[in-house]
Amino acid sequence: MQTIPKDNKKILIKLSGGALSNGAEKFTESVLEETAKQIKEVQDAGYEVALVVGGGNLFRGAELAGNVGIRRSTGDYIGMLATVQNALAVRDYFESQGLIVRVSSAIAMPQVCESYIPQRARRHLAKGRVVIFAGGTGMPYFTTDTTAAQRALELNCGTLVLAKDGVDGVYTADPDTDSSATKIDKITATEVIEQNLKVADASAIAMCRDNNLPIRVVSMQDISKLKDESLGTTVLPE
Ligand code: UDP
(Lines give C-alpha, C1' and ligand atoms only; values in the text may rest on other atoms or scores of the structure.)
Protein backbone atom coordinates (compact mmCIF):
# COMPACT_ATOMS: atom_id res chain seq x y z
CA MET A 1 0.00 0.00 0.00
CA GLN A 2 1.33 3.41 -0.94
CA THR A 3 0.98 6.18 1.62
CA ILE A 4 1.24 9.85 0.71
CA PRO A 5 3.92 11.47 2.88
CA LYS A 6 2.97 14.28 5.20
CA ASP A 7 3.63 17.77 3.93
CA ASN A 8 5.85 19.63 6.37
CA LYS A 9 4.91 22.91 4.73
CA LYS A 10 1.26 22.45 5.65
CA ILE A 11 -0.07 22.96 9.17
CA LEU A 12 -3.43 22.79 10.80
CA ILE A 13 -4.11 25.08 13.74
CA LYS A 14 -6.80 24.30 16.31
CA LEU A 15 -8.19 27.34 18.07
CA SER A 16 -10.67 26.74 20.86
CA GLY A 17 -13.84 28.78 21.08
CA GLY A 18 -12.73 29.75 24.59
CA ALA A 19 -9.64 31.45 23.17
CA LEU A 20 -11.79 33.61 20.91
CA SER A 21 -13.85 35.18 23.63
CA ASN A 22 -13.34 36.87 26.95
CA GLY A 23 -16.24 36.71 29.40
CA ALA A 24 -19.19 38.58 27.98
CA GLU A 25 -17.11 39.61 24.98
CA LYS A 26 -17.97 37.00 22.34
CA PHE A 27 -15.07 37.80 20.02
CA THR A 28 -11.97 39.38 21.46
CA GLU A 29 -10.32 41.57 18.86
CA SER A 30 -6.82 41.21 20.32
CA VAL A 31 -7.03 37.41 19.93
CA LEU A 32 -8.34 37.64 16.37
CA GLU A 33 -5.68 40.21 15.54
CA GLU A 34 -2.88 38.07 16.95
CA THR A 35 -4.12 34.94 15.16
CA ALA A 36 -4.37 36.75 11.82
CA LYS A 37 -0.88 38.20 12.29
CA GLN A 38 0.59 34.79 13.12
CA ILE A 39 -1.10 33.12 10.17
CA LYS A 40 0.23 35.78 7.80
CA GLU A 41 3.75 35.20 9.11
CA VAL A 42 3.40 31.44 8.70
CA GLN A 43 2.09 31.87 5.16
CA ASP A 44 4.90 34.30 4.33
CA ALA A 45 7.34 31.60 5.42
CA GLY A 46 5.85 29.37 2.71
CA TYR A 47 3.36 27.29 4.69
CA GLU A 48 -0.22 26.37 3.86
CA VAL A 49 -2.49 27.05 6.83
CA ALA A 50 -5.80 25.49 7.79
CA LEU A 51 -7.75 26.26 10.93
CA VAL A 52 -10.29 24.37 13.03
CA VAL A 53 -12.31 26.57 15.35
CA GLY A 54 -14.13 25.27 18.41
CA GLY A 55 -17.46 26.44 19.72
CA GLY A 56 -17.05 26.22 23.48
CA ASN A 57 -17.41 30.00 23.94
CA LEU A 58 -20.96 29.75 22.62
CA PHE A 59 -22.16 26.24 23.37
CA ARG A 60 -21.00 22.82 24.52
CA GLY A 61 -23.29 19.87 23.91
CA ALA A 62 -22.54 18.05 27.15
CA GLU A 63 -23.55 21.10 29.23
CA LEU A 64 -27.20 20.83 28.31
CA ALA A 65 -27.46 17.06 28.10
CA GLY A 66 -30.42 15.84 30.08
CA ASN A 67 -31.63 19.39 30.75
CA VAL A 68 -35.18 20.36 29.79
CA GLY A 69 -35.51 17.27 27.62
CA ILE A 70 -32.64 18.13 25.28
CA ARG A 71 -30.87 15.04 24.02
CA ARG A 72 -27.07 14.88 24.24
CA SER A 73 -26.86 14.49 20.48
CA THR A 74 -29.07 17.55 19.94
CA GLY A 75 -26.84 19.52 22.28
CA ASP A 76 -23.87 18.39 20.22
CA TYR A 77 -25.49 19.54 16.98
CA ILE A 78 -26.11 22.93 18.58
CA GLY A 79 -22.42 22.92 19.56
CA MET A 80 -21.43 22.15 15.97
CA LEU A 81 -23.56 25.06 14.76
CA ALA A 82 -21.75 27.26 17.28
CA THR A 83 -18.46 26.40 15.57
CA VAL A 84 -19.95 27.62 12.28
CA GLN A 85 -20.88 30.91 13.92
CA ASN A 86 -17.33 31.29 15.16
CA ALA A 87 -15.90 30.37 11.77
CA LEU A 88 -17.96 33.06 10.01
CA ALA A 89 -16.86 35.71 12.49
CA VAL A 90 -13.22 34.67 12.22
CA ARG A 91 -13.45 34.64 8.41
CA ASP A 92 -14.72 38.20 8.30
CA TYR A 93 -12.07 39.40 10.67
CA PHE A 94 -9.29 37.64 8.76
CA GLU A 95 -10.56 39.08 5.48
CA SER A 96 -10.52 42.56 7.00
CA GLN A 97 -6.82 41.90 7.67
CA GLY A 98 -6.10 40.96 4.06
CA LEU A 99 -6.18 37.16 4.32
CA ILE A 100 -8.09 35.15 1.73
CA VAL A 101 -10.37 32.73 3.55
CA ARG A 102 -12.82 29.93 2.87
CA VAL A 103 -15.11 28.34 5.45
CA SER A 104 -15.61 24.62 4.89
CA SER A 105 -18.35 23.01 6.94
CA ALA A 106 -18.98 19.38 7.81
CA ILE A 107 -22.69 20.25 7.94
CA ALA A 108 -24.08 21.44 4.61
CA MET A 109 -25.45 24.97 4.66
CA PRO A 110 -24.96 26.27 1.15
CA GLN A 111 -26.28 29.78 1.81
CA VAL A 112 -23.67 30.28 4.48
CA CYS A 113 -20.47 28.51 3.50
CA GLU A 114 -19.14 25.68 1.40
CA SER A 115 -19.39 22.02 2.36
CA TYR A 116 -16.30 20.07 3.30
CA ILE A 117 -14.81 18.38 0.26
CA PRO A 118 -11.22 17.31 0.91
CA GLN A 119 -10.01 17.91 -2.66
CA ARG A 120 -11.51 21.37 -2.65
CA ALA A 121 -9.91 22.21 0.68
CA ARG A 122 -6.53 21.03 -0.65
CA ARG A 123 -6.92 23.27 -3.67
CA HIS A 124 -7.76 26.30 -1.55
CA LEU A 125 -4.71 25.69 0.59
CA ALA A 126 -2.46 25.28 -2.45
CA LYS A 127 -3.71 28.66 -3.69
CA GLY A 128 -2.68 30.33 -0.44
CA ARG A 129 -6.15 30.61 1.06
CA VAL A 130 -6.77 29.97 4.73
CA VAL A 131 -9.38 27.25 5.12
CA ILE A 132 -11.45 27.34 8.31
CA PHE A 133 -13.08 24.02 9.06
CA ALA A 134 -16.45 24.48 10.73
CA GLY A 135 -19.16 22.15 11.99
CA GLY A 136 -16.71 19.83 13.71
CA THR A 137 -16.80 16.32 12.28
CA GLY A 138 -20.52 16.70 11.63
CA MET A 139 -21.15 13.96 14.20
CA PRO A 140 -22.27 14.16 17.82
CA TYR A 141 -20.09 12.73 20.60
CA PHE A 142 -16.98 14.15 18.94
CA THR A 143 -15.11 17.37 19.60
CA THR A 144 -13.24 19.88 17.54
CA ASP A 145 -9.94 18.44 18.82
CA THR A 146 -10.80 15.21 17.04
CA THR A 147 -11.93 17.23 14.03
CA ALA A 148 -8.55 18.96 13.97
CA ALA A 149 -6.68 15.64 14.08
CA GLN A 150 -8.90 14.15 11.37
CA ARG A 151 -8.66 17.11 8.99
CA ALA A 152 -4.89 17.40 9.54
CA LEU A 153 -4.50 13.74 8.66
CA GLU A 154 -6.80 13.80 5.67
CA LEU A 155 -5.01 16.86 4.23
CA ASN A 156 -1.53 15.42 4.93
CA CYS A 157 -0.52 18.23 7.27
CA GLY A 158 2.93 17.79 8.79
CA THR A 159 1.93 19.20 12.17
CA LEU A 160 -1.17 19.75 14.25
CA VAL A 161 -0.81 22.99 16.19
CA LEU A 162 -2.88 23.47 19.32
CA ALA A 163 -2.83 27.25 19.80
CA LYS A 164 -3.45 28.28 23.40
CA ASP A 165 -4.47 31.55 24.93
CA GLY A 166 -2.77 32.35 28.24
CA VAL A 167 -0.56 29.25 28.45
CA ASP A 168 2.53 28.40 26.43
CA GLY A 169 2.57 24.62 26.46
CA VAL A 170 1.79 21.52 28.49
CA TYR A 171 2.66 21.68 32.19
CA THR A 172 3.22 18.98 34.81
CA ALA A 173 0.32 20.55 36.79
CA ASP A 174 -1.97 23.55 36.43
CA PRO A 175 0.45 26.52 36.45
CA ASP A 176 -2.33 28.83 37.67
CA THR A 177 -2.80 26.91 40.90
CA ASP A 178 0.45 24.99 41.42
CA SER A 179 3.67 27.03 41.60
CA SER A 180 5.78 23.87 41.23
CA ALA A 181 4.34 23.20 37.76
CA THR A 182 6.98 23.07 35.03
CA LYS A 183 6.61 23.15 31.26
CA ILE A 184 7.18 19.89 29.44
CA ASP A 185 9.27 20.34 26.27
CA LYS A 186 8.68 16.88 24.80
CA ILE A 187 6.32 14.07 25.68
CA THR A 188 4.87 11.09 23.88
CA ALA A 189 1.20 10.80 23.04
CA THR A 190 1.03 7.58 25.07
CA GLU A 191 2.35 9.42 28.14
CA VAL A 192 -0.19 12.23 27.64
CA ILE A 193 -3.00 9.67 27.61
CA GLU A 194 -1.61 7.62 30.53
CA GLN A 195 -1.04 10.72 32.68
CA ASN A 196 -4.39 12.18 31.64
CA LEU A 197 -2.74 15.51 30.84
CA LYS A 198 -5.13 18.18 29.62
CA VAL A 199 -3.68 18.65 26.14
CA ALA A 200 -6.61 17.68 23.94
CA ASP A 201 -9.20 14.93 23.93
CA ALA A 202 -7.74 11.47 24.33
CA SER A 203 -9.35 10.40 21.05
CA ALA A 204 -7.56 13.21 19.18
CA ILE A 205 -4.23 12.36 20.83
CA ALA A 206 -4.65 8.66 20.03
CA MET A 207 -5.55 9.44 16.42
CA CYS A 208 -2.36 11.49 16.02
CA ARG A 209 -0.26 8.79 17.68
CA ASP A 210 -1.70 6.00 15.57
CA ASN A 211 -1.19 7.95 12.35
CA ASN A 212 2.22 9.42 13.05
CA LEU A 213 1.21 13.09 13.34
CA PRO A 214 3.22 15.26 15.76
CA ILE A 215 1.40 17.87 17.82
CA ARG A 216 2.84 21.24 18.87
CA VAL A 217 1.11 22.91 21.80
CA VAL A 218 2.05 26.58 21.77
CA SER A 219 0.92 29.98 22.88
CA MET A 220 -0.99 31.82 20.16
CA GLN A 221 1.88 34.32 19.98
CA ASP A 222 4.32 31.53 19.06
CA ILE A 223 2.46 29.94 16.14
CA SER A 224 4.93 31.45 13.67
CA LYS A 225 7.93 30.19 15.69
CA LEU A 226 7.20 26.48 15.53
CA LYS A 227 10.74 25.63 14.47
CA ASP A 228 12.01 26.77 17.87
CA GLU A 229 11.58 23.57 19.86
CA SER A 230 12.26 25.32 23.16
CA LEU A 231 8.88 27.01 22.75
CA GLY A 232 5.72 25.13 23.62
CA THR A 233 5.45 21.38 23.96
CA THR A 234 5.95 18.75 21.28
CA VAL A 235 3.76 15.66 21.57
CA LEU A 236 5.51 12.88 19.71
CA PRO A 237 3.38 10.29 17.92
CA GLU A 238 4.69 7.38 20.00
N1 UDP B 1 -19.20 18.92 18.59
C2 UDP B 1 -19.68 17.69 18.18
N3 UDP B 1 -19.01 17.00 17.20
C4 UDP B 1 -17.85 17.47 16.66
C5 UDP B 1 -17.35 18.72 17.11
C6 UDP B 1 -18.04 19.41 18.08
O7 UDP B 1 -20.71 17.22 18.65
O8 UDP B 1 -17.29 16.80 15.78
C9 UDP B 1 -19.98 19.72 19.56
C10 UDP B 1 -19.80 19.29 21.01
O11 UDP B 1 -21.04 19.45 21.67
C12 UDP B 1 -18.80 20.32 21.52
C13 UDP B 1 -19.22 21.56 20.78
O14 UDP B 1 -19.60 21.08 19.49
O15 UDP B 1 -18.90 20.50 22.91
C16 UDP B 1 -18.16 22.62 20.64
O17 UDP B 1 -16.93 22.04 20.26
P18 UDP B 1 -15.70 21.93 21.27
O19 UDP B 1 -16.15 21.64 22.66
O20 UDP B 1 -14.69 21.00 20.68
O21 UDP B 1 -15.14 23.43 21.21
P22 UDP B 1 -13.89 24.06 21.98
O23 UDP B 1 -13.84 23.51 23.37
O24 UDP B 1 -12.67 23.70 21.21
O25 UDP B 1 -14.17 25.53 21.92
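The values are calculated or read from the model by the stated rules, or taken from the named source; none is laboratory data. Keep in mind that what you see is a predicted model, and the values were worked out from it rather than measured. With ideal geometry, Cβ positions are generated from the backbone for all residues, glycine too; neighbour counts draw on all protein chains shown. The accessibility values were calculated without ligands, DNA or RNA, using every heavy atom of the protein model including side chains. Shrake-Rupley method; radii C 1.70, N 1.55, O 1.52, S 1.80 Å.
So the values come out like this:
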| item | result |
| --- | --- |
| Among 201-211, 132-142, 39-49, the order from most to least packed when residues are scored by Cβ within 10 Å on average | 132-142, 201-211, 39-49 |
| Karplus 3J(HN,Hα) series, Hz, for segment 216-231 with 6.51 cos²θ - 1.76 cosθ + 1.60 (x for Gly, Pro) | 10, 9, 9, 5, 3, 6, 9, 4, 7, 10, 4, 5, 7, 6, 6, 8 |
| Heavy-atom accessible area per residue - segment 64-166, 1.4 Å, Å² | 44 |
| Bins of 10 Å, starting at 0 and running to the largest distance - Cα pair percent for the chain | 8, 33, 39, 18, 3, 0 |
| Axial C-alpha extent at least 24 Å, average Kyte-Doolittle at least 1.6 - helices from the chain (DSSP) | none |
| Partner lysines for Lys186 [C-alpha distance under 26 Å; skip if fewer than 8 residues away on the same chain] | Lys6, Lys9, Lys10, Lys14, Lys164, Lys198, Lys225, Lys227 |
| All aspartates and glutamates inside 16 Å of Lys40 as judged from Cα atoms, apart from same-chain residues fewer than 8 positions distant | Glu48, Asp92, Glu95, Asp222 |
| The chain: antiparallel DSSP beta bridges as a percent of all, rounded to 5 | 15 |
| Relative packing of 86-93, 169-176, which averages over residues the other C-beta atoms within 10 Å, highest first | 86-93, 169-176 |
| Heavy-atom accessible surface of the chain: percent carbon and sulfur, 1.4 Å | 49 |
| Student exercise, segment 104-218 dipole from Lys, Arg, Asp, Glu Cβ charges, in Debye to nearest 20 | 760 |
